[in-house]
Amino acid sequence: MILPIVAYGDPVLRKVGEDIDKDYPKLSELISNMWETMYNASGVGLAAPQIGLPIRLFVVDTTPFSDDEDLSPEEQKQLNGFKKVFINAQIEEETGADWPFNEGCLSIPDVREDVNRKEQIRITYLDENFEEYQETYDGLLARVIQHEYDHIEGILFTDKLSSLKKRLLKGRLANISKGKISVDYRMRFPNVKKGR
Ligand SMILES: [Zn+2]
């Protein structure tokens, strides 16, 4: 089932997510709905707060990035078919130099900005079967995971912009929260004035 994606301005996007356990209600259904919702919106990642749930769960599939011709064949191969569920993730360490990448977010349609993040992360997480992993990722893989991880910490990519950029975006972000945008997937807006 395709779920509405929560738009910028909704308080759920600002909550630090709670850990979940195996007994979380209808977890496998939730995960499959998140995949469906993400693919329908042509995203490469989706975090639970974006569908209104303040829990530490996000999904990533970087396959759409894998045909980027600017990437090395090795990187393309790494991104192709990288499809994972991250539960109760904790980034243990971020290392390397900051590098910019033009990011967007399904909760903030039509806004894209360069964001600086560190090259490499070490992360522990559980998969959908509650198997535990500790892994290191770098490059675009790390980037997508860092963006989704921020969602479960209540952080949005626009928080990382300069104060000038933030000021310039203020009006557009306010319009997004009011639903004054055109978007081709289902969304839920926090500040839509209800008609009678
Ligand atoms: Zn996002």
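The values are calculated or read from the model by the stated rules, or taken from the named source; none is laboratory data. The model shown is predicted, which means the values in this text are computed figures rather than measured ones. Positions of Cβ are backbone-derived with ideal geometry, glycine not excepted, and every protein chain shown enters the neighbour counts.
Of note:
- The strands (runs of 3 or more DSSP E) found wholly in the range 43-123 and carrying at least 2 residues that are more than 30 Å from Ser28 (Cα to Cα) occupy 83-105.
- In the range 168-196, residue modelled with the lowest pLDDT [restricted to those that are over 20 Å from Ala41 (Cα atoms) and among the small types (Gly, Ala, Ser)]: Gly195
- For the range 125-143, a residue qualifies if it is polar (S, T, N, Q) and either part of a strand (DSSP E or B) or in contact with a helix residue (DSSP H, G or I) (Cβ under 9 Å, 6 or more places away or on another chain) (or both), and the qualifying residues are Gln134, Thr136.
- Test result for Lys166, among the charged types (D, E, K, R) and assigned to a helix (DSSP H, G or I): yes
- Complete set of residues in the range 86-126 that are away from the ligand (no atom under 16 Å from the Cβ) and surrounded by 19 or more Cβ atoms within 10 Å (Cβ to Cβ): Ile87, Ile121, Ile123, Tyr125, Leu126
- Long-range neighbours under 6 Å by Cβ, at least six apart or interchain, first residue hydrophobic (A, V, I, L, M, F, W, C) within the range 84-107, second outside any strand (DSSP E or B) and away from the ligand (no atom under 16 Å from the Cβ): Val85/Ile31; Val85/Asp127; Val85/Glu128
- For Val12: the one exception among (1) within 15 Å of the ligand (Cβ to nearest atom); (2) touching a Lys or Arg at 6+ places or on another chain (Cβ under 9 Å): (2)
- Selection within the range 154-163 - in a loop (DSSP other than H, G, I, E, B) and either within 12 Å of the ligand (Cβ to nearest atom) or in contact with a Leu (Cβ under 8 Å, 6 or more places away or on another chain) (or both): Gly154, Ile155, Leu156, Leu161
- Residues in the range 169-182 that are outside any loop (DSSP other than H, G, I, E, B) and loosely packed, with under 12 Cβ neighbours inside 10 Å: Lys170, Gly171.
- Qualifying residue in the range 130-149 (condition: closer than 28 Å to Asp10 by Cβ, loosely packed, with under 14 Cβ neighbours inside 10 Å and more than 16 Å from the ligand (Cβ to nearest atom)): no
- The set of residues in the range 15-42 being within 16 Å of the ligand (Cβ to nearest atom) and part of a helix (DSSP H, G or I) consists of Met34, Trp35, Thr37, Met38, Tyr39, Asn40.
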